[in-house]
1. Working only within segment 116-136, note down all residues that are over 26 Å from PRO95 (Cα atoms) and either acidic (Asp, Glu) or part of a strand (DSSP E or B) (or both).
2. Hey, among SER162, SER120, SER136, which residue is farther than 17 Å from LYS100 by Cα, touching a helix residue (DSSP H, G or I) at 6+ places or on another chain (Cβ under 7 Å) and polar (S, T, N, Q)?
3. All but one of (1) in a loop (DSSP other than H, G, I, E, B); (2) more than 30 Å from the chain's Cα centre (by Cα) hold for GLU97; which doesn't?
4. Please enumerate the residues belonging to segment 100-115 that are under 15 Å from TYR147 (Cβ atoms) and either assigned to a strand (DSSP E or B) or over 41 Å from the mean Cα position of the chain (by Cα) (or both).
5. What do you reckon, is THR139 part of a strand (DSSP E or B) and at pLDDT 85 or above?
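The values are calculated or read from the model by the stated rules, or taken from the named source; none is laboratory data. Just so we're clear, the structure is a prediction, and the values are computed from it rather than from any experiment. Cβ placement follows ideal geometry from the backbone for every residue including glycine, while neighbour counts extend to all protein chains displayed.
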Amino acid sequence: MTKFPADRFDDKNAAPARVGAHRSSIVRRKWWVAALIAVGSTAAIILAALVGISVIDAKNLQDINIPAIGITATPTPTPTPTPTVVGADPTTIPPKELKKIVITVLNGTPQDGLAESVVSLLKTAGWVDLTAASASDTTIKVSVVVYGPETDKAYANGVAASLGIKAVKQSDMYPGANVTVLLGSDFVQQ
């Protein structure tokens, strides 16, 4: 077989596109290469969109969570407002209503006469219908003012303010009085 001299059209790799009357052969890619390119470009577009949204959202001062790219919202703790406790002042309550408020003072300590001295303190503060008694348990540690229905809460807060007791609780444990003062050993030390 005779061999012809090589010319510029014989080298396929020099110009893979059409060159004169000659064409180079088409190199076919595998189908999965095209699929990977499509998936990769789609993921890049979605990631860019999420980052763009987080930047826009950050300008609006709202948190966004995108854990896939490491953007997580850190919630800023909002301060809880301390409720203002409104206590009834016995000097501002009409006398007819003041006589209807029943206050019981229970001594939950081994100290004798503590309930009676607290009753005299409350009388000095302006409270009228007061009863002193000993509690069934004399090992109470923390003094507490207990009220029954929600309507007696202001009275309980007023009594607690008169005595300097911080704990005010709602309970149906003492149904005989509007407000019950249970004195503990912390009150003895005051």
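1. The answer is SER134, and nothing else.
2. SER162
3. Checking GLU97 against (1) in a loop (DSSP other than H, G, I, E, B); (2) more than 30 Å from the chain's Cα centre (by Cα), the one that fails is (1).
4. Residues satisfying the conditions are VAL102, ILE103, THR104, VAL105, LEU106.
5. Considered against the rule, which asks whether it is part of a strand (DSSP E or B) and at pLDDT 85 or above, THR139 comes out as no.
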